[in-house]
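Everything on this sheet refers to the single structure shown next.
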Amino acid sequence: MNITKTPESIAVIRFPDCDPFNHLNNSRYIDYFINAREDHLVNNYDFDVYRYAKKTGRSWLVTQNQIAYFNPAQLMEKVIILSTILEWNTSDILVEMQMWNEEKTLLKSVLWTTFTHYDLIHQKRSKHNAYLNEKFSEYENPLPSSLRFEQRIINIKQNNK
């Protein structure tokens with residue numbers, strides 16, 4: 001198993017997900033990102049969120065998304081999607097995901113998603129247990145604490161000119 005702080009995978013942009021201009025529809029970027037993150041968890045950390053939810057009665061809810069679009073993803077284009085944990089705390093995870101062209105020379109989009117650990121049985125926020133903290137906190141890949149999404153996007157744009 002390949003353990004990395006920034007796993008990546010390939011996706012192909014499909015016809016039903018595109019607008020009339022053959023660009024990936026803005027709302028569908030999030031679906032591609034979330035699907036890739038689920039694959040990253042299984043393939044890189046041997047962690048299936050659905051098996052975990054069934055076994056423990058806990059999972060994660062998306063509580064916030066921030067997304068920036070740089071270049072359109074095109075119909076039938078192969079894209080590379082990367083993900084990394086920027087922040088891990090007692091009950092929340094902030095994950096950054098990036099979508100690139102296949103050669104990783106053209107950035108398509110960046111998404112920050114906050115996931116909140118949630119007790120599905122009692123319908124309330126739940127703290128990460130010792131197992132989760134041990135398994136995932138080592139993969140935290142933090143940015144400087146003062147750096148917020150808007151500044152991160154400016155930095156990425158400057159670095160990709």
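Residues in the range 54-68 that are of a type in the set (Ser, Thr, Tyr) and surrounded by 17 or more Cβ atoms within 10 Å (Cβ to Cβ): Ser59 only.
Annotation for the range 102-110: no member residue is surrounded by 19 or more Cβ atoms within 10 Å (Cβ to Cβ), more than 19 Å from Asn71 (Cα to Cα) and among the polar types (S, T, N, Q). Taken over the range 113-124, residues that are touching a residue at least 24 places away in the same chain (Cβ under 8 Å) and either in a loop (DSSP other than H, G, I, E, B) or open to solvent by 20 Å² or more (accessible area, probe 1.4 Å) (or both) amount to 5.
For the range 131-161, how many residues meet the condition of being outside any helix (DSSP H, G or I), open to solvent by less than 70 Å² (accessible area, probe 1.4 Å) and over 28 Å from Tyr50 (Cβ atoms)? Give the steps one after another, and end with the answer.
Initial filter on the range 131-161 (outside any helix (DSSP H, G or I)): 140-148, 160-161.
Checking the rest, the ones that are also open to solvent by less than 70 Å² (accessible area, probe 1.4 Å) come to 140-141, 143, 147.
Filter once more, keeping what is over 28 Å from Tyr50 (Cβ atoms): 143, 147.
Residues in the range 131-161 being outside any helix (DSSP H, G or I), open to solvent by less than 70 Å² (accessible area, probe 1.4 Å) and over 28 Å from Tyr50 (Cβ atoms): 2 in total.
Of all residues in the range 108-161, those being over 17 Å from Met97 (Cβ atoms) and hydrophobic (A, V, I, L, M, F, W, C) number 5. Inside the range 61-112, can you point out the residues that are closer than 30 Å to His128 by Cα, more than 15 Å from the chain's Cα centre (by Cα) and not in a loop (DSSP other than H, G, I, E, B)? Result: no residue meets the conditions. Within the range 142-154, residues that are on the phi < 0 side of the Ramachandran plot have Cβ atoms under 8 Å from residues that are open to solvent by less than 100 Å² (accessible area, probe 1.4 Å) and in a loop (DSSP other than H, G, I, E, B) in these pairs: Arg152/Leu143, counting only partners at least 6 apart in sequence or on another chain. Does His128 qualify as being in a strand (DSSP E or B) and more than 25 Å from Ile10 (Cβ to Cβ)? No; evaluated as a whole, the condition is false for this residue.
Condition first: assigned to a helix (DSSP H, G or I), under 24 Å from Ile3 (Cα atoms) and either under 13 Å from the mean Cα position of the chain (by Cα) or charged (D, E, K, R) (or both). Now tell me which residues in the range 33-54 satisfy that. Let's see the steps before the verdict.
Taking the range 33-54 and keeping what is assigned to a helix (DSSP H, G or I), we get 33-45, 49-54.
Subsequent filtering for residues that are under 24 Å from Ile3 (Cα atoms) retains 33-45, 49-53.
Within the range 33-54, Phe33, Ile34, Asn35, Ala36, Arg37, Glu38, Asp39, His40, Leu41, Arg51 meet the criteria.
Are any residues in the range 1-45 modelled with pLDDT of 95 or more, open to solvent by 80 Å² or more (accessible area, probe 1.4 Å) and among the aliphatic types (A, V, I, L, M), and if so, which ones? Ile10 - this is the single residue of the range 1-45 that is modelled with pLDDT of 95 or more, open to solvent by 80 Å² or more (accessible area, probe 1.4 Å) and among the aliphatic types (A, V, I, L, M).
The values are calculated or read from the model by the stated rules, or taken from the named source; none is laboratory data. Only a predicted model underlies this, so the values are computations on that prediction, with no experimental measurement involved. Positions of Cβ are generated from backbone atoms using ideal geometry, with glycine treated the same way; all protein chains shown enter the neighbour counts. Areas reflect the complete protein model, heavy atoms only, side chains present, ligands, DNA and RNA absent. Shrake-Rupley method; radii C 1.70, N 1.55, O 1.52, S 1.80 Å.
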